[in-house]
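Structure record follows, encoded as structure tokens.
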Amino acid sequence: MNTLFIYYSHSGNGDVVAECLSEKGAEIRKVFPKKPLPKSFFWSVMTGGFLATIGHKSKLLPWETSLEGFDRIVIGSPVWNARFSCPINRLLSEIDLGGKDVAFVLYSGSGTAPKAAERIAKEYPDAKIICLKDPKKYPDELAKLQELF
Ligand SMILES: Cc1cc2nc3c(=O)[nH]c(=O)nc-3n(C[C@H](O)[C@H](O)[C@H](O)COP(=O)(O)O)c2cc1C
């Protein structure tokens with residue numbers, strides 16, 4: 001399968017997932033919000049957590065939205081307040097996943113993502129969901145990506 005991994009990362013965990021999937025042959029696209037989170041950990045969690053709770057869609061820097069030529073799309077998001085991160089909320093509104101094999105990789109401090117999983121089950125009932133606990137700190141978590149191959 002031709003696989004495209006599209007993801008966002010604020011603090012590098014998503015980048016570790018991207019490296020791993022790239023080694024397995026996936027093409028990689030990273031999206032960047034026009035306005036990044038504050039640098040301070042406290043303010044990043046306060047700001048991002050609040051915005052994720054209200055379902056905010058962060059504006060993104062221009063990126064290639066065409067999914068042509070890929071059979072499988074894997075979306076990677078950090079978990080913010082148990083939900084998708086705001087850049088991924090925007091990304092999901094900008095692409096058409098119809099007819100694609102879809103999977104999500106969610107990375108978080110706890111390794112769980114209850115609200116994001118709820119949304120995926122509702123909007124993408126056939127999508128596979130892989131939840132990783134901070135893979136930059138716990139690289140063994142990357143073994144779970146094997147489920148995709
Ligand atoms: C705004 C914000 C909210 C977060 N909320 C959660 C959360 O609800 N549950 C959790 O387990 N981790 C939470 N985290 C931790 C991140 O999801 C986790 O560290 C993730 O691996 C970061 O991915 P990244 O380095 O690619 O940005 C939060 C982090 C931020 C910045």
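So the values come out like this:
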quantity	calculated
Test result for Ile28, of a type outside the set (D, E, K, R) and more than 14 Å from the ligand (Cβ to nearest atom)	no
Of all residues making up region 90-135, the number that are of a type outside the set (Asp, Glu), surrounded by 15 or more Cβ atoms within 10 Å (Cβ to Cβ) and over 15 Å from the mean Cα position of the chain (by Cα)	1
Pair list, Cβ < 7 Å and 6+ apart or interchain, from region 103-114 residues that are under 19 Å from Val74 (Cβ atoms) to residues that are in a loop (DSSP other than H, G, I, E, B)	Ala103/Ala127; Phe104/Ala127; Leu106/Ala113; Tyr107/Asp134; Tyr107/Pro135; Ala113/Ala82
Qualifying residue in region 115-122 (condition: under 27 Å from Lys34 (Cα atoms), at pLDDT below 95, within 16 Å of the ligand (Cβ to nearest atom) and in contact with a Lys or Arg (Cβ under 7 Å, 6 or more places away or on another chain))	yes
Residue within region 31-46 that is farther than 20 Å from Pro135 by Cβ and near the ligand (Cβ under 8 Å from one of its atoms) present	yes
Condition met for Thr3 (more than 23 Å from Leu145 (Cβ to Cβ), touching a residue at least 24 places away in the same chain (Cβ under 8 Å) and of a type in the set (Ser, Thr, Tyr))	no
Pick from region 47-68, criterion within 22 Å of Asp134 (Cβ to Cβ) and in contact with a Phe, Trp or Tyr (Cβ under 7 Å, 6 or more places away or on another chain), ranking: farthest from the ligand (Cβ to nearest atom)	Ala52
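Per-residue answers, yes or no, for (1) surrounded by 17 or more Cβ atoms within 10 Å (Cβ to Cβ); (2) part of a loop (DSSP other than H, G, I, E, B); (3) more than 16 Å from the chain's Cα centre (by Cα):
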{"position": "Phe5", "(1), (2), (3)": "yes, no, no"}
{"position": "Ser9", "(1), (2), (3)": "yes, yes, no"}
{"position": "Asp15", "(1), (2), (3)": "no, no, no"}
{"position": "Leu21", "(1), (2), (3)": "yes, no, no"}
{"position": "Phe42", "(1), (2), (3)": "no, no, yes"}
{"position": "Met46", "(1), (2), (3)": "no, no, yes"}
{"position": "Lys57", "(1), (2), (3)": "yes, yes, no"}
{"position": "Pro62", "(1), (2), (3)": "no, yes, yes"}
{"position": "Ser66", "(1), (2), (3)": "no, yes, yes"}
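The values are calculated or read from the model by the stated rules, or taken from the named source; none is laboratory data. Since the structure is predicted, the reported quantities are computational estimates derived from the model, not experimental observations. Positions of Cβ are backbone-derived with ideal geometry, glycine not excepted, and every protein chain shown enters the neighbour counts.
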